[in-house]
């Protein structure tokens, strides 16, 4: 694995093309540029290993979801919000064959070819355009005869086409006032339109459910839906509270992702593993890759543990002290003390940084997608900090043939 610089004389054009042609509408977070000046090249051997690990994790995760859904008492240690856990009983009709399952597992290199996994983005993983168009744009600016990439968008659209009738009506559900959400849905919508699907952009409350079937109530787009692609996080629905939000849990309309995703989305997912294993579940790959995870109370007095919010996203509120801004660490620890069930304790790992061309050190989070249980590409971010958060930069992932050197 190595960083390949985007040629300096081409970087500004590269960045502009990503913004205007590749749906990268959020190239900045505060004062931080969020478009890396590098491409991330992984070897064919690294790719082969990651593919195997990703698909094993996915198999274990989906089997655990079905087991939890069959006996929801097992899910109590997840401490899901009451408004949310109340609706889980509606998922008795869940049939994985009728829906589209998308997940992204976040890998971190820890030296000697080993990997740690920090989490699975089980509910609404993003990065669609960055995993589809960004590597194409980067490859074109490098001497790419030894480089290739996986186009996530093509794989995902293919899975949708397998389960939605030709020309079907698809609602792309997202928080319509957020441009960073809309860029994901716009990329997907344009790709779907090219395949002949009818696309409707709407919010969670633009969907109505009747007899387990989803309908659009958006002005000018009323009528039955053939599929829902949801980019609004499930726990946000409990706050938004559209009138028919509970219909998402038991709809038979093709959904991506179905709310069953919440079981693994919470970072407290490891706290149910022991009971699942007693009932025959295999979680060997998860146990190999995920650092030891405990209830907050059980980590008291133990060295080397950090705290993570159960429903956190984008690296927010993780208590890596040296990565926190002034006063943030103390704020996090106060909240952990007040609301221990909203957090978990996890043994800290130390990622192995990659060297930049001027000696800078960058930490990598390599997100590995699955669609319907099969590996579907990569979305990566890099940071000079051990915490990969909103300040991190998106970086395209290319696969490098052994012996290739495209500098």
Suppose we filter 226, 190, 246, 180 for residues that are within 30 Å of residue 344 (Cα to Cα), in contact with a strand residue (DSSP E or B) (Cβ under 9 Å, 6 or more places away or on another chain), in the same structural domain as residue 22 (by TED's automatic domain parsing) and surrounded by fewer than 22 Cβ atoms within 10 Å (Cβ to Cβ); which single one remains?
246
Scan of the range 80-115 for residues that are part of a strand (DSSP E or B) and either surrounded by fewer than 19 Cβ atoms within 10 Å (Cβ to Cβ) or free of Cβ contacts under 8 Å to residues at least 60 places away in the same chain (or both), ordered by number:
110, 111, 114
Determine which member of the set 359, 367, 315 is surrounded by 14 or more Cβ atoms within 10 Å (Cβ to Cβ) and assigned by TED's automatic domain parsing to the domain that holds residue 150.
367
Within the range 10-28, the count of residues that are touching a strand residue (DSSP E or B) at 6+ places or on another chain (Cβ under 9 Å) and not in a loop (DSSP other than H, G, I, E, B) comes to 6
Output the residues belonging to the range 6-24 that are under 24 Å from residue 126 (Cα atoms) and in contact (Cβ under 8 Å) with a residue 40 or more places away in the chain.
6, 14, 17, 18, 21, 22, 23, 24
Return yes when residue 197 is farther than 30 Å from residue 107 by Cβ, assigned by TED's automatic domain parsing to the domain that holds residue 372, surrounded by 20 or more Cβ atoms within 10 Å (Cβ to Cβ) and within 24 Å of the chain's Cα centre (by Cα) and no when it is not.
no
Given (1) in a helix (DSSP H, G or I); (2) under 21 Å from residue 377 (Cβ atoms), residue 182 misses just (2)
Is there any pair linking a residue in the range 53-72 that is without any contact (Cβ under 8 Å) to a residue 24 or more places away in the chain to one that is buried (at least 17 other Cβ atoms within 10 Å of the Cβ), with Cβ under 9 Å and at least six apart or on different chains, and which?
72/88; 72/91
Listed residues 359, 312; which is over 20 Å from residue 116 (Cα atoms) and not in a strand (DSSP E or B)?
359
Those residues of the range 36-51 which are in contact with a helix residue (DSSP H, G or I) (Cβ under 9 Å, 6 or more places away or on another chain) and either assigned to a loop (DSSP other than H, G, I, E, B) or farther than 16 Å from residue 357 by Cα (or both), in sequence order
37, 42
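The values are calculated or read from the model by the stated rules, or taken from the named source; none is laboratory data. These numbers come from a predicted model, not from an experiment. When we count neighbours, we look across all protein chains shown, and the Cβ atoms used for this are built from the backbone with ideal geometry, even at glycine.
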